[in-house]
1. If you rank 58, 242 by how much accessible surface each has, with a 1.4 Å probe, what is the order from largest down?
2. Residues of region 1-32 with the amide nitrogen closer than 13 Å to a label point 7 Å from the Cα of residue 223, along Cα-to-Cβ, please.
3. Please list 63, 72, 95 in order of solvent-accessible area, largest first, computed with a 1.4 Å probe with all protein chains present.
4. Just to be sure I understand the model, the point goes 7 Å from the Cα along the line to the Cβ. What's the resulting residue 167 to residue 65 distance in nm?
5. Seen from all sides and averaged, what is the projected area of the convex hull of the Cα atoms in region 157-275, in nm²?
6. Roll a 1.4 Å probe over the protein heavy atoms and report the accessible area of residue 157 in Å², nearest 10.
7. Which residues among region 179-202 fall inside the zone where the amide N is under 20 Å from a point 7 Å beyond the Cα of residue 58, along Cα→Cβ?
8. Express in nm, to one decimal, how much length is gained between residue 232 and residue 125 on full extension, taking 0.36 nm for each residue of separation and deducting their alpha carbon distance.
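The values are calculated or read from the model by the stated rules, or taken from the named source; none is laboratory data. All of these numbers come straight from a predicted model, not from anything done at the bench. Reconstructed Cβ throughout: ideal geometry from the backbone, glycine too, with neighbour counts over all protein chains shown. SASA here: full protein model, heavy atoms, side chains in, ligands and nucleic acids out. Shrake-Rupley method; radii C 1.70, N 1.55, O 1.52, S 1.80 Å.
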Amino acid sequence: MWLVLAFFSSALLGCYDSFKKKALESNAVIPVLFLNTLFSSLIFLPLIILSANTDILDGTIFHVESGGWDVHKYIVLKSIIVLSSWLFGYIGMKHLPLTIVGPINATRPVMVLVGAFLVFGERLNLYQWIGVVLAIASFYLLSRSGKKEGIDFKRDKWIYSIVIAALLGALSGLYDRYILAPRESGGVGLDHMVVQSWYNIYQCFMMGVMLFILWLPKKGESTRFRWDWAIIGISIFLSAADFVYFYALSFPDAMISVVSMIRRGSVVVSFLFGALLFHEKNLKSKVVDLVLVLLGLIFLYIGSS
C-alpha cells in the first residue's frame, strides 16, 4: 500500500513543481512562498479545529491529535528544515529551466539512500538496486543535457541554490522517517496529520516575519509581486502530495529510501509540463533519460512489492 501511495505522491509533486515554476515567472519569491504557506495552513486549520472541539473526525485519517511541546518541538524543527529548503529551491527555480531543476532535485534519493543506510540500517534487494542505479544514471544524463543550454554547473549560483535545497530536502526526508516511525522501531511515533497540519502553520508564521522584515521594506528595489492563480495550485498540490507521502511513511514497513526515490519520479511530470507549457529546449536528448527514470521506478516497484 505504501508503494502505491508513493507513486501517487510523485505525480502530485510533479504538478506542484510545475505550478511553482509558473507562479515564480517574473515574480517575487518571498510573497509567493508566504502565500503558499498561508493557503496550505488554511487547508489544514479546519481539521485542527474540528479534531480539537468535535468527534467528527475521530477514527479517520484526517483526525489531528493534540500534543504539547514534547510533540511540537519536533514539528518546529521540521518546519525550519523544510522552509530553508523551499527558500533555496524557489530562488533557484525562478532562474533555471524546469527540465534542469527536476534532475538536480532528483539526486535527493541518493542522499536519502546513504542516510537510510547509516541511520536506519535499511537494505535494498537486487531489483531495488537495479532501479536505483538506473535512476541515478538517468539523472546524471539529464544533468549533462542541461549543459547544452549554456548553464555552467560549477559557477552558476542558481545551481548552487537548487543543490542546497536538495541537500536540505534529503535531510527532511530522513527526519520524517525518524519522527514518524513507531517508538518500538526507534522513532518518535508522531502522527502524520499532526506533523503536516502544524508544520504548515509554523512555516506560515516564519514566512510572515520574513515578509514584513526582509521583503516589504525593500519591495520597491527588487522584483515586484504579482498575483498568479498558480499560487493556489502550489498549495493544493503540495498539501495533497505531502498528505499522501506522510501517510505512506506511517506504515511500519515503509522504506524512506524507496519512497524518496519514487517521489523523485515527479521529474517525469514536470518534464511534460516543461515541454508543453514552458516550451523548454533540448527535449529530444532528455527523452531517453526519462525512459531510464521510468525503468528505474518499475524495478523499484518490483523489488518492493
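1. Output order, biggest surface exposure first: 58, 242.
2. Residues 20-32 qualify, since their backbone N sits under 13 Å from the label point.
3. From most exposed to least exposed: 95, 63, 72.
4. It is 3.4 nm.
5. Reported value for the Cα convex hull: 9.5 nm².
6. That residue has around 130 Å² of solvent-accessible surface.
7. Residues 191-194 fall inside that zone.
8. Taking 0.36 nm per residue and subtracting the Cα distance, the gain is 34.5 nm.
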